[in-house]
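Let me begin by presenting the structure, written as structure tokens, before commenting on it.
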Amino acid sequence: MDTVQGKTAVITGGASGIGRATAHSLARRGAQVIVADIDATGAAAVASDIIGSGGSATGVRCDVGGESAFEELKAFALDAYGRVDIVMNNVGVLTRGLPDHIPVHEWQRVININLLSVVRSNDAFLPLLVEQGSGHIVNTASFAGLYTYAYDRLPYAASKAAIVQISEGLALYLRPKGIGVTLLCPGPVRTNIAASLPSGFGPATGTRGPGTQFGFLEPEVVGEQVADAIVDGTFWLPTDAQVRDVLVQRASDWDAFIDEKAREIASSD
């Protein structure tokens, strides 16, 4: 996709954080943006900000955990703009607890919102993109889906690892059809995702990050990275290139990598 000018972008989780920043970045480049979020007021506010800056946007409430959410979102987009060119699956929720304390229903909640929302999005939008022979999909995963640096958020990490595999498979299928796929893997970014944390299950656990070498980025930086990736046709988009070194280290000796991480966690407890 050489340009997003005149394209229609649908962004879930668009009322805040990376979704909001990406909506603004794409709108500044001339895209028409549908800001979808379970927070209808927040989605409308982002759309209003974009319009106030001279862009084109519409806000809509969307609960990605609902079975019909994406069919309704597709219908809304087609009614508003007549086409869909970019779909960004950006919603994610966290949980926290030791592996033997997180209940099955919490696994189901996280997987439904983080993973099955992407499945439902594909079901709604893929036939549309394939039929028109163009478009771009952005799936938001996480460093947590690339390697394990904590054991108290397994449902989140598992869902994000699944998104990594789904995205790579989609790229193999869709690239020959003229449709791009970007796998966004954020490291630390200043967002409000922690607001989705339940009160916790079992003993309290400390918050562990992916590594001290990774500083927090502002969402606006990531929004520009995403917009660039769409235009450039980039598949893998880590927000910090240093993560490549971690992945090489793990691939070189996975047992040694686990030993090192286990020692780090034990020394910090």
Notebook entry, point to check: Toward the positive end of the charge dipole of the chain, about the Cα centre and with charges on Cβ (Lys, Arg +1; Asp, Glu -1), which of G54, Y147, S117 goes farthest?
Noted result: G54
Note to self: If I take R0 = 35 Å and measure r between the Cβ atoms of V248 and K177 in this structure, what FRET efficiency does the formula 1/(1 + (r/R0)^6) give, to the nearest 0.05?
What the structure shows: 0.65
Check: What does the charge dipole of the stretch 8-268 about its Cα centre add up to, to the nearest 20 debye, if the Cβ of each Lys and Arg holds +1 and the Cβ of each Asp and Glu holds -1?
Finding: 100
Next item on the list: Take the chain, compute every pairwise Cα distance, and split them into 5 Å bins from 0; I just need the percent in each bin.
Entry: 1, 6, 13, 17, 19, 17, 12, 7, 5, 2, 0, 0
Next item on the list: Could you list which residues have their amide H under 5 Å from that of M88, counting only those 5 or more apart in sequence or on another chain, with H placed in the peptide plane?
Entry: V10, I11, T12, V138
Item checked: Set of aspartates and glutamates with alpha-carbon distance to K177 below 13 Å, sequence-local pairs under 8 removed -> E131
Check: Leaving out same-chain residues fewer than 8 places away, which lysines sit with a Cα under 22 Å from that of K261?
Finding: K160
Item checked: Two-site label geometry, E71 and Q108: point separation in nm, points 7 Å out along Cα→Cβ -> 2.2
Next item on the list: Could you pull out every residue, at least 5 positions away or on a different chain, whose amide H is within less than 5 Å of the one on V189? Hs are placed 1.01 Å off N in the peptide plane, and Pro or chain starts have none.
Entry: L217
Next item on the list: Can you tell me how much longer the chain between Q213 and Q5 gets when fully stretched, taken as 0.36 nm per residue apart minus their C-alpha distance, in nm with one decimal?
Entry: 71.3 nm
Next item on the list: Starting with the fewest neighbours, write out R29, R120, R244 ranked by other beta-carbon atoms found within 10 Å of each beta-carbon.
Entry: R244, R29, R120
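Since every read-out is calculated from the coordinates, none of them should be taken as a lab result. For clarity, every value in this text was computed on a predicted model and none was experimentally measured. Glycine also receives a Cβ, built like all others from the backbone with ideal geometry; neighbour counts cover every protein chain displayed.
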